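Participant: Pasting in a structure now, in structure tokens, and then I'll have a few things to ask.
The values are calculated or read from the model by the stated rules, or taken from the named source; none is laboratory data. Please read these numbers as outputs of a predicted model, since none were measured by experiment. As a convention, Cβ positions derive from the backbone with ideal geometry for all residues, glycine included, and neighbour counts pool all protein chains shown.
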Amino acid sequence: MKSNNNSVTIFNARTIGTFFLLVFLAYGFGSSLFKSASNPEKYLGALLIVANSVMVLFIGFLLRKTLKLYNPLVGNTYLFTRLFEALALLTIFLNGSKPDDLGYILAMLVLGIGSVPMCLTLLKHEITPSWIAIWGAIGYAVFAFGFLMELFRKAWSMYFLAPGGLWEVTFAAWLIFSGGKNVKMKNTSPSTE
């Protein structure tokens, strides 16, 4: 038996990882500043919310490039998920409403639901270490459940945020430090050369 070293790489991994981290900062600070009574702070908050939406959209475009190699439907679904999230979060800015409105709830619900197939694709095709993919699938499912309950006026989302949020930080760190490379060892039959 001959051993072949096949490496799976996520395209633009470091950029995607950086965007995953920056969206936390952009939306976190942006939503806080947007609540301010001071116009300059409110405008800066709005700008950060717009920057968040742009980065979210780029995450979808960039990660789709890898996902579509393994499952085009999942790649397109993930891109749609991120597009919906970006637009729903922009409604906060466009409507001048508070950052925890229906737009935010729907954005997070769709993100959770649409990210589960992405994580399962990462697992099935061994694109990431299995523990990262499994954690992501479970974390996003729990995350989505919390926001689904928000639609029924149950303030549960804050109790279900941690698994998905911590996964995003861990996944981002893995993308940045590994460059998105996951080395797989496969045994192949002997060559007939």
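Participant: Just need a number here: residues in region 6-26 that are among the small types (Gly, Ala, Ser) and under 14 Å from the mean Cα position of the chain (by Cα).
Facilitator: Count: 2.
Participant: Mind checking which residues of region 120-145 are in contact (Cβ under 8 Å) with a residue 24 or more places away in the chain, of a type outside the set (A, V, I, L, M, F, W, C) and part of a helix (DSSP H, G or I)?
Facilitator: THR121, LYS124, GLY136, GLY139, TYR140
Participant: Please verify whether LEU89 is assigned to a helix (DSSP H, G or I), crowded, with 16+ Cβ neighbours inside 10 Å and either free of Cβ contacts under 8 Å to residues at least 24 places away in the same chain or at positive phi (or both), treating the condition exactly as stated.
Facilitator: no
Participant: May I ask you to say which residue of LEU79, LEU69, LEU57, LEU48 is touching a residue at least 24 places away in the same chain (Cβ under 8 Å) and in a helix (DSSP H, G or I)?
Facilitator: LEU57
Participant: Please work out which one of (1) surrounded by 15 or more Cβ atoms within 10 Å (Cβ to Cβ); (2) in contact with a helix residue (DSSP H, G or I) (Cβ under 7 Å, 6 or more places away or on another chain); (3) not hydrophobic (A, V, I, L, M, F, W, C) is the condition THR66 fails and give its number.
Facilitator: (2)
Participant: For GLY103, state whether it is outside any loop (DSSP other than H, G, I, E, B), small (Gly, Ala, Ser) and surrounded by 23 or more Cβ atoms within 10 Å (Cβ to Cβ).
Facilitator: So GLY103 does not fit the description; no.
Participant: While we're here: What are the residues in region 7-29 that are hydroxyl-bearing (Ser, Thr, Tyr) and modelled with pLDDT under 95, if any?
Facilitator: Within region 7-29, SER7, THR9, TYR27 qualify.
Participant: Could I ask something else about it? Check LYS65 against each of (1) more than 16 Å from the chain's Cα centre (by Cα); (2) farther than 17 Å from PHE24 by Cβ and name the one condition it does not meet.
Facilitator: Of everything listed in (1) more than 16 Å from the chain's Cα centre (by Cα); (2) farther than 17 Å from PHE24 by Cβ, LYS65 misses just condition (1).
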